[in-house]
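The values are calculated or read from the model by the stated rules, or taken from the named source; none is laboratory data. Not measured: the values here are computed from a predicted model. Here the Cβ is made from the backbone with ideal geometry for all residues, glycine too, and neighbour counts use every protein chain on show. These area figures cover heavy atoms from the full protein model, side chains too; ligands, DNA and RNA do not enter into them. Shrake-Rupley method; radii C 1.70, N 1.55, O 1.52, S 1.80 Å.
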Amino acid sequence: MLIVGNWKAYVESSAKAKALYAGAKRLSVKGKHEIVIAPSYPYIGMLAGGKAGPSLASQDVSVTTGGAATGEVAAGALKELGVEYVIVGHSERRAQGETDADITEKARHALAHGMTPILCVGETERDSEAQYLKGVRAQISAVMEKLTPKERLTIVIAYEPVWAIGKTGSEAITPSDLGEMILYIRKVLADFVPGRANMKVPVIYGGSVDPLNIRSLASGTGVEGFLVGRASTDVATFSSLVKALS
Ligand code: PGA
């Protein structure tokens, strides 16, 4: 499975970043899962270059290629540090006004630099008529339709219902609802990546994943990994979460 630890802005000291990195390194060397960590920019710089450690992801990337864009971090700078994945369209970025067009540009910059976008999609709330499915379809389609057939194979979809993010584990999605959603996302993806190649696009889940719920969320739902926020920012919790999958 692909397990991405999204540190968000929870980590504010280099000592903590180093401890978390060391923990993730033990898990990636010993275990069978692909461990990816997404530190904030300064800690990407600090942790880059480690051998046999977890892969690095960026939590965001600039919508521009560089130049006069104060405060932005261009894809080229991330690539040079060895970043392999770039989270795009996280709901916390969308809440800052990021549009589907921005997210598409970011995904394209990541791809152009040989990095894999992790495209976050998910509804804010559910309604009884299942209109929320259309919203998720629109979020995926907006990006996929602008990519080349080859680029469409180098993307990860992270289904992250906004209502489940940052809550306690008991408020995460249920395994049966997750299984249904994964099937739906696979159907949407089939419009862009038909046939067996569809399975080359991993669909992962994020939203209040913890050591207690990860096992049931993983079994029989078709999910291929997890995007973990808060629970990835404590060494012991992240370790027991990964071990729960072994
Ligand atoms: P959470 O965050 O695990 O803290 O709910 C997940 C995410 O937003 O990626």
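Packing order of peptides 51-61, 233-243, 103-113, highest average first: 103-113, 51-61, 233-243 (average count of other Cβ atoms within 10 Å over each peptide's residues). Residue by residue, the stretch 149-161 carries 3J(HN,Hα) couplings of x, 5, 4, 5, 8, 10, 8, 10, 9, 10, 7, 10, x Hz when phi is fed to the Karplus relation 6.51 cos²θ - 1.76 cosθ + 1.60 (θ = phi - 60°); x denotes Gly or Pro.
Between A236 and K51, the modelled label-to-label distance comes to 3.3 nm, taking each label 7 Å out from Cα in the direction of the beta carbon.
Simple point charges give the picture: +1 on the Cβ of Lys and Arg, -1 on the Cβ of Asp and Glu, and for the chain a dipole about the Cα centre of about 940 debye.
In this simple spin-label approximation, K16 and D127 carry label points 7 Å from Cα along the Cα→Cβ vector, and these lie 3.9 nm apart.
Cβ-Cβ distance of Y184 and S219, R₀ of 25 Å, FRET efficiency by 1/(1 + (r/R0)^6): the value works out to about 0.85. Comparing Cα centroids, the stretch 215-246 and the stretch 1-33 end up 12 angstrom apart.
Quote the relative contact order of the stretch 2-243 in percent (integer), defining contacts as alpha-carbon pairs under 8 Å separated by 6+ residues. Averaging sequence separation for qualifying contacts and normalising by length gives 20 percent for the stretch 2-243.
In order along the stretch 135-147, phi translates into HN-Hα couplings of x, 5, 4, 5, 5, 6, 5, 4, 7, 4, 5, 9, 9 Hz, rounded to whole numbers, per the Karplus curve 6.51 cos²θ - 1.76 cosθ + 1.60 with θ = phi - 60° and x for Gly and Pro. Grab the beta carbon distance between K134 and M199, set R0 = 25 Å, and tell me the FRET efficiency rounded to 0.05. E(calc), rounded to 0.05, equals 0.55.
Loop-located GluC sites (Glu not before Pro) across the stretch 144-205 with a Cβ neighbour count of 16 or fewer within 10 Å are E145, with loop assigned by DSSP.
If you plug the beta carbon distance of V73 and E171 into 1/(1 + (r/R0)^6) with R0 = 22 Å, you get a FRET efficiency near 0.10. The residues of the chain have, on average, 45 Å² of accessible surface per residue, using a 1.4 Å probe with all protein chains present.
Full extension of the segment from A244 to T148, taken as 0.36 nm per residue of separation minus the current Cα-Cα distance, would add 30.8 nm. Overall, the accessible surface of the chain at a probe of 1.4 angstrom is composed of carbon and sulfur to the extent of 54 percent.
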